[in-house]
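Read the figures in this text as sums done on the coordinates, not as results from a lab. Remember, predicted model here, so these are calculated numbers, not experimental data. Don't worry about glycine lacking a Cβ; one is built from the backbone with ideal geometry, like all the others, and counts go over all protein chains shown.
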Amino acid sequence: MVTAQLLVNALALGAAYALVALGFVLVLNAAGAVNFAQGDMVMLGGVAAVTLSGLLTLAGVRLPGVVLLPLVVVVSGLVGLLVAALGFWPLRDRPPAAMFVATIALAAVFEQSAMAFFGPEPRTAPALWEGAALMIGGVAFGRQPLALILVAGLCVAGVYLLLERTQTGRRFRAVAQDRDMARALGIRAARLVVGAFALGGGLAGLAGALLGHQFFVHAGQGPAYMVKAYIAAAIGGWGSVPGALLGALLIALFETLVSAALSAVWAQALLYLTLLIILLWRPQGLFGEAIGQRA
Amino acid sequence: MTGVLRIEGLSVSYGGALAVDNVALAVPAGRIVALLGANGAGKSSLLQAVVGLVPSTVRQLSLGDTDLAGLSPERRADAGLSYVPEGRRVFPGLTVRENIEVGMDAGAAERGARVAGMLALFPDLADKASERAWRLSGGQQQMLAIARALVRRPRALLLDEPSLGLAPRVAQDVFHRLRAIADDGVAVLLAEQNAARALAIADEAVVLAHGSILLSGAAARLSPDDPVLTGLLAG
Ligand SMILES: Nc1ncnc2c1ncn2[C@@H]1O[C@H](COP(=O)(O)OP(=O)(O)OP(=O)(O)O)[C@@H](O)[C@H]1O
Ligand SMILES: [Mg+2]
């Protein structure tokens, strides 16, 4: 049975996946290539949250999650810059496949480094909002899922406003649609692409820290997040921002509701089946532009 | 050789094949130089090399006092070069207003005022200001590409076959506007296959064949029916 709690949990999971998918699509649009390290950037965000709070506790400081999160976002943004510096910048004039391969290598490096320094066993990231479940209208809701929905919702809204309402966002979209033409208009395309990596990294790390409380953090979880971002983008329409958000939500609905109704295995199977059906019915994805519309 | 835009010894090759071979030309302020040539003559390659989008070797490339050689496309644009590419290449997902606004380096108020100025200059675009650019007709997209280039207040404007695919009357309108733009003091380099139409508004013409300039002179002295010219334009 679909309960209000289950729905909130699904929404919270979807909101976290939406952050991952959003970062993936921003880089995809800006660089014109897949950042395969996006999943491991989520994992590193979780690792950063666990490590930072551990270090601070050792130092006798106990920071609430709300203060810890911005720190994690900054660290993850720096990881994004590192990915840009190694996986994009040296290859910026090569075909997109070069960046794809380079970021696969980086993903492996991240995973192995986490394995070496953080260890293989799962750990828990601190909660964003601690305390007993809230009673709303006689129904108990966990605080963490509610906080997650709020934080992720604010971030998505912020990125939306940045893209749609600012000159930087306009320039970003112009670069995504025709990089050379944008450069001929004086737009610093490379800077915007690097900025997209930093933003994508920050969003991924934030998601990792937020998910790390309910679902643990462990060094090997990157690829699973990567696949989710990839599927969300494919369902929504390769490169479409609202499409990726919808795709992320859809994945979370399967993992939560279908999983509760049937089983986790069935949820996975039905998710991939749905993906196939969507792609057969609309090869360009739900929000994809028909071929030819894009320049 | 005088002119705001000066090009000397410019060559472009694609994997060993020369597409532009040691070309020299100058475009003075307020003048239109028509760059004529058959398909594959090298017109687009020449313009793209000046804009900085294809690699080239060049002895001199300057805009006013600024040496453009070795600069990135972004810096060439900052120096006052604007480009209207073959096929228009408006940003399809941006609105008409956004397309005009996106290339401007100015505060929001100033950008708004200059966009309004462009919309006043191109009334067809004013009606569609909030439409995504992919919804525009070919002629409207061409106007948009010109407005997008012009709003940056360039010293030199490079256009690659702006009349391609347009109905004769629309093309006529585009060309009238180019004349007005030049009369405002902009140096205009206009690549065209339609010699008659280009010669009608140009001050000078150069004819490119297989990457080299084979003929050049005052536009008034070149007749579109000249057998030498038609021979060259036939490729
Ligand atoms: N990217 C490229 N790679 C390889 N060869 C190219 C490339 N672009 C153009 N060429 C070649 O360079 C030569 C000049 O092409 P260019 O497009 O500059 O001519 P054009 O005068 O603009 O022709 P058109 O009137 O058809 O637009 C042609 O032989 C063309 O095949
Ligand atoms: Mg051409």
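Quick notes on this one:
- Between B:A126 and B:A218, the simple spin-label model (points 7 angstrom out along Cα→Cβ) gives 3.9 nm.
- Here's how it looks for B:N22: its modeled amide H is under 5 Å from those of B:L10, B:S11, B:V12, which are all 5 or more places away or on a different chain.
- Antiparallel %, DSSP beta bridges [both residues in the protein assembly as shown], to 5: 55
- Debye equation applied to the C-alpha atoms of chain A, log10 I(q)/I(0) at 0.10, 0.12, 0.14 Å⁻¹: -0.53, -0.77, -1.04
- Calculated SAXS-style log₁₀ I(q)/I(0) at q = 0.22, 0.23 Å⁻¹ - the stretch A:60-124, Debye, Cα scatterers: -1.00, -1.03
- The stretch A:90-152 versus the stretch A:69-89: alpha-carbon centroid distance in Å: 14
- Estimated dipole of chain A in Debye, rounded to 20 [Cβ of Lys and Arg +1, of Asp and Glu -1, Cα centre]: 680
- Average partner coverage of A:184-193, which counts Cβ from other chains inside 10 Å: 6
- Convex hull per residue volume in Å³, alpha carbons only, for the stretch A:1-75: 128
- Shielding by partners for peptide B:172-181, expressed as the average number of C-beta atoms from other protein chains within 10 Å of each residue's C-beta, is 0.
- At an R0 of 41 angstrom, the distance between the Cβ atoms of A:A157 and B:D183 translates into a FRET efficiency of 0.30.
- The tail of the calculated P(r) for the stretch B:119-235, taken as Cα-Cα distances beyond 22 Å, holds 39 percent of the pairs.
- Computed helical MRE - 222 nm, chain A, DSSP H runs ≥ 4 contributing -39500 (n - 2.57), nearest 500: -23500 deg cm²/dmol
- Our coupling estimate for the stretch B:126-137, obtained by passing each phi through the Karplus curve with A = 6.51, B = -1.76, C = 1.60 and θ = phi - 60°, is 4, 5, 10, 3, 9, 7, 5, 5, 5, 7, 6, 6 Hz, Gly and Pro reported as x.
- Phi-based couplings in Hz for the stretch B:159-175 (Karplus 6.51, -1.76, 1.60; Gly and Pro marked x): 10, 10, 6, x, 8, 4, x, 9, 4, x, 5, 5, 4, 4, 4, 4, 5
- Relative contact order %, chain A, counting alpha carbon pairs below 8 Å whose residues are six or more apart: 36
- Whole-angstrom Cα spans of chain B along principal axes, big to small: 48, 39, 33
- Kyte-Doolittle mean at least 0.0, axial Cα span of 27 Å or more - DSSP H helices of chain A: A:4-31, A:38-58, A:96-118, A:143-165, A:189-214
- Computing FRET efficiency as 1/(1 + (r/R0)^6) for A:Y272 and B:A234, where r is the C-beta to C-beta distance and R0 is 45 Å, gives about 0.20.
- Net charge of the neighbourhood of A:P64, taken over other residues with C-beta under 15 Å away and scored Lys/Arg +1, Asp/Glu -1, is +1.
- Per-selection Rg to Rh, the protein assembly as shown - Cα, Kirkwood hydrodynamic radius: 1.08
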